[in-house]
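These notes concern the structure reproduced below.
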Amino acid sequence: MLYYLFEYLEKQFQFPGATLFGFLTFRAALAMILSLLISTIYGKRIIKFLKKKQLGETIRDLGLEGQAEKAGTPTMGGIIIILATLIPVVLLAKLENIYIILLIVTTIWMGTIGFIDDYIKKFKNDKEGLKGRFKILGQVGLGVIVGMTLFFHQDVTMKEKLPVEEQRVLLAENPDIEPSKLFQDEVKSTKTTIPFVKGNEFDYADLITWISPDLKKYAWVIFILVAIFIITAVSNGANLTDGIDGLAAGTSAIIVLTLGIFAWVSGNIIFSEYLNIMYIPRVEEITIYITAFVGSLIGFLWYNTYPAQVFMGDTGSLTIGGIIAVIAIAVRKEWLIPVLCGIFLAENLSVVMQVSWFKYTKKKYGEGRRIFKMSPLHHHYQKSGYHESKIVTRFWIIGILLAILSIVTLKIR
């Protein structure tokens, strides 16, 4: 809204300073500052409101150190993250941008699912919350919306570089040629980025066109299935990671900031040409959303670090995972998720391995056995005697290393 206001003031009255709102970097910085202020200043008021409504967490006795002290800590704090993200975005982003619209829908959609889950836990006294099949149904529904939008919407395009020989001819004729002249026209594409592979690109259509070239028109089915899988996996991974103070919020901030770098360079034709990566027109606007989101996560950490004054609940964790997944798909970096979201992946795998091994050994030996002392993985380290602050800090460090590795893959072919 402020973007459109100052755009109008600049065009009509040449208002001093109004041109600043035309710069992506200025709006991105302002979005982060606003989200930080909202999450820290108004976050305290929201926490007081949650306490007043007696929305404290009920803690199950899992034999973890310091667990009993957390009983009664307000939950549903994900509301802070959602509000602190959406308000700056509505004020500063180009709201007609399809990527921004999609992320707003994702935030509201996943936030609603998480809120319903937390509501059932607190007001219906059902510790299990929303049934798993309904959560999955909601995630699948979002995957269909995201997949169809990104596949069919006219503004979701990409530009590929001209063949090498054509580039050489153009550069020989004019060494100072504009980078945009080295790219082809905008096209709809099902190509994405795959790390550590020559060319760094993969076309989802190839999964079916090897059978018959005529099947290319059905590539949208593959794309939607991939979107469903990624959104479901990442949102559940974030949900499992939210188990100790500051772990999910801090890890997610690192992941999202890295995706912000990808969004910025992928939407900038100069950096796209220099890094030899696909150029995605209009995707750079996601940077506004990302900086607002990072600011809200850091602001939330003000109250969520040990000892936590508020928990994000499923309202926050499911929303975080959904947003990360959609951003990754939008910037065509979804296959970097196993590396970038390595913490989420480890948490997910620890649960799958623990449950599978327990069921297998119970069936074979009549007694269930465990791989970890407890799952998800962070609880294993708690059971091993590590203080949760140390666990969180070390997971953050690993997250930073994975983020650096993900960025390096831009040039590793």
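The values are calculated or read from the model by the stated rules, or taken from the named source; none is laboratory data. Keep in mind that this is a model prediction, so the values were computed, not measured. Ideal geometry is used to build each Cβ from the backbone, glycine not excepted, and the neighbour counts take in all protein chains shown. All accessible areas refer to the heavy atoms of the entire protein, side chains included, with ligands and DNA or RNA removed. Shrake-Rupley method; radii C 1.70, N 1.55, O 1.52, S 1.80 Å.
Can you confirm whether region 137-154 contains a residue that is more than 30 Å from residue 281 (Cβ to Cβ) and of a type in the set (Val, Ile, Thr)?
No, that holds for no residue.
Scan region 161-183 for residues that are among the acidic types (Asp, Glu) and either at positive phi or modelled with pLDDT under 80 (or both) and jot them down. Working first, answer last.
Going through region 161-183, the residues among the acidic types (Asp, Glu) turn out to be 165-166, 173, 176, 178.
Scanning region 161-183 gives 176, 178.
Which members of region 290-313 meet the condition of being buried (at least 24 other Cβ atoms within 10 Å of the Cβ), in contact with a Phe, Trp or Tyr (Cβ under 8 Å, 6 or more places away or on another chain) and either in a helix (DSSP H, G or I) or not β-branched (Val, Ile, Thr) (or both)?
304, 312
Mind counting the residues in region 245-267 that are assigned to a loop (DSSP other than H, G, I, E, B) and either open to solvent by 40 Å² or more (accessible area, probe 1.4 Å) or in contact with a strand residue (DSSP E or B) (Cβ under 7 Å, 6 or more places away or on another chain) (or both)?
Within region 245-267, residues that are assigned to a loop (DSSP other than H, G, I, E, B) and either open to solvent by 40 Å² or more (accessible area, probe 1.4 Å) or in contact with a strand residue (DSSP E or B) (Cβ under 7 Å, 6 or more places away or on another chain) (or both) number 0.
I need the full set of residues from region 195-217 which are of a type in the set (A, V, I, L, M), over 20 Å from residue 157 (Cβ atoms) and surrounded by 11 or more Cβ atoms within 10 Å (Cβ to Cβ), in order please.
Going residue by residue through region 195-217, those that are of a type in the set (A, V, I, L, M) are 197, 205, 207-208, 211, 215.
Keeping just the survivors that are over 20 Å from residue 157 (Cβ atoms) gives 197, 207-208, 211, 215.
The answer is 197, 207, 208, 215.
Just wondering, is there one or more residues in region 361-382 that are of a type in the set (S, T, N, Q), in contact with a helix residue (DSSP H, G or I) (Cβ under 7 Å, 6 or more places away or on another chain) and closer than 17 Å to residue 246 by Cβ?
Scanning region 361-382, I find at least one residue that is of a type in the set (S, T, N, Q), in contact with a helix residue (DSSP H, G or I) (Cβ under 7 Å, 6 or more places away or on another chain) and closer than 17 Å to residue 246 by Cβ, so the answer is yes.
More than 30 Å from residue 154 (Cβ to Cβ) and without any contact (Cβ under 8 Å) to a residue 24 or more places away in the chain: is that true of residue 397 in this structure?
yes
Within region 128-175, how many residues are outside any helix (DSSP H, G or I) and either of a type in the set (A, V, I, L, M, F, W, C) or open to solvent by 80 Å² or more (accessible area, probe 1.4 Å) (or both)? Write out each step before concluding.
Narrowing region 128-175 to residues outside any helix (DSSP H, G or I): 128-131, 153-163, 174-175.
Then drop every residue that is not either of a type in the set (A, V, I, L, M, F, W, C) or open to solvent by 80 Å² or more (accessible area, probe 1.4 Å) (or both), which leaves 128, 130-131, 154, 156, 158, 162, 175.
Residues in region 128-175 being outside any helix (DSSP H, G or I) and either of a type in the set (A, V, I, L, M, F, W, C) or open to solvent by 80 Å² or more (accessible area, probe 1.4 Å) (or both): 8 in total.
Of everything in region 359-373, what is open to solvent by less than 30 Å² (accessible area, probe 1.4 Å) and at pLDDT 90 or above? Give them in sequence order.
Taking region 359-373 and keeping what is open to solvent by less than 30 Å² (accessible area, probe 1.4 Å), we get 361, 368.
Correct list: 361 only.
Does any residue of region 34-55 turn out to be modelled with pLDDT under 75, out of contact with any strand residue (DSSP E or B) (no Cβ under 7 Å at 6 or more places or on another chain) and surrounded by fewer than 22 Cβ atoms within 10 Å (Cβ to Cβ)?
Yes, region 34-55 contains a residue that is modelled with pLDDT under 75, out of contact with any strand residue (DSSP E or B) (no Cβ under 7 Å at 6 or more places or on another chain) and surrounded by fewer than 22 Cβ atoms within 10 Å (Cβ to Cβ).
Within region 335-344, is even one residue in contact with a strand residue (DSSP E or B) (Cβ under 9 Å, 6 or more places away or on another chain) and open to solvent by 80 Å² or more (accessible area, probe 1.4 Å)?
Among the residues of region 335-344, at least one is in contact with a strand residue (DSSP E or B) (Cβ under 9 Å, 6 or more places away or on another chain) and open to solvent by 80 Å² or more (accessible area, probe 1.4 Å), which makes the answer yes.
What pairs can you find where one residue is in region 180-209 and closer than 29 Å to residue 169 by Cα, the other is open to solvent by less than 30 Å² (accessible area, probe 1.4 Å) and of a type in the set (Phe, Trp, Tyr), and their Cβ atoms are less than 7 Å apart, with a gap of 6+ or different chains?
Cβ pairs passing all conditions: 190/204; 190/223; 192/204.
For region 374-408, what are the residues that are part of a loop (DSSP other than H, G, I, E, B), open to solvent by less than 70 Å² (accessible area, probe 1.4 Å) and out of contact with any Lys or Arg (no Cβ under 9 Å at 6 or more places or on another chain)? Spell out the reasoning first.
First, pick out the residues of region 374-408 that are part of a loop (DSSP other than H, G, I, E, B): 374-376, 384-387.
Adding the requirement that they be open to solvent by less than 70 Å² (accessible area, probe 1.4 Å) leaves 374-376, 384-385.
375, 376, 385 - these are the residues of region 374-408 that are part of a loop (DSSP other than H, G, I, E, B), open to solvent by less than 70 Å² (accessible area, probe 1.4 Å) and out of contact with any Lys or Arg (no Cβ under 9 Å at 6 or more places or on another chain).
Among 127, 94, which is more than 30 Å from residue 279 (Cβ to Cβ), touching a helix residue (DSSP H, G or I) at 6+ places or on another chain (Cβ under 8 Å) and basic (Lys, Arg)?
127
Could you check region 88-127 and list, in sequence order, the residues that are of a type in the set (D, E, K, R), open to solvent by 20 Å² or more (accessible area, probe 1.4 Å) and part of a helix (DSSP H, G or I)?
Those that are of a type in the set (D, E, K, R), open to solvent by 20 Å² or more (accessible area, probe 1.4 Å) and part of a helix (DSSP H, G or I): 121, 122.
Out of the residues in region 181-194 that are in a strand (DSSP E or B) and under 16 Å from residue 335 (Cα atoms), which is least open to solvent (accessible area, probe 1.4 Å)?
In the first step, residues of region 181-194 are kept if they are in a strand (DSSP E or B); the result is 183, 187, 191-193.
Filter once more, so that each one left must be under 16 Å from residue 335 (Cα atoms): 191-193.
Numbers: 191: 52, 192: 0, 193: 20 Å².
Per the criteria, the residue is 192.
Anything in region 235-244 that is under 15 Å from residue 345 (Cβ atoms) and open to solvent by less than 10 Å² (accessible area, probe 1.4 Å)? List them, or say none.
Scanning region 235-244 gives 235, 237, 238, 241.
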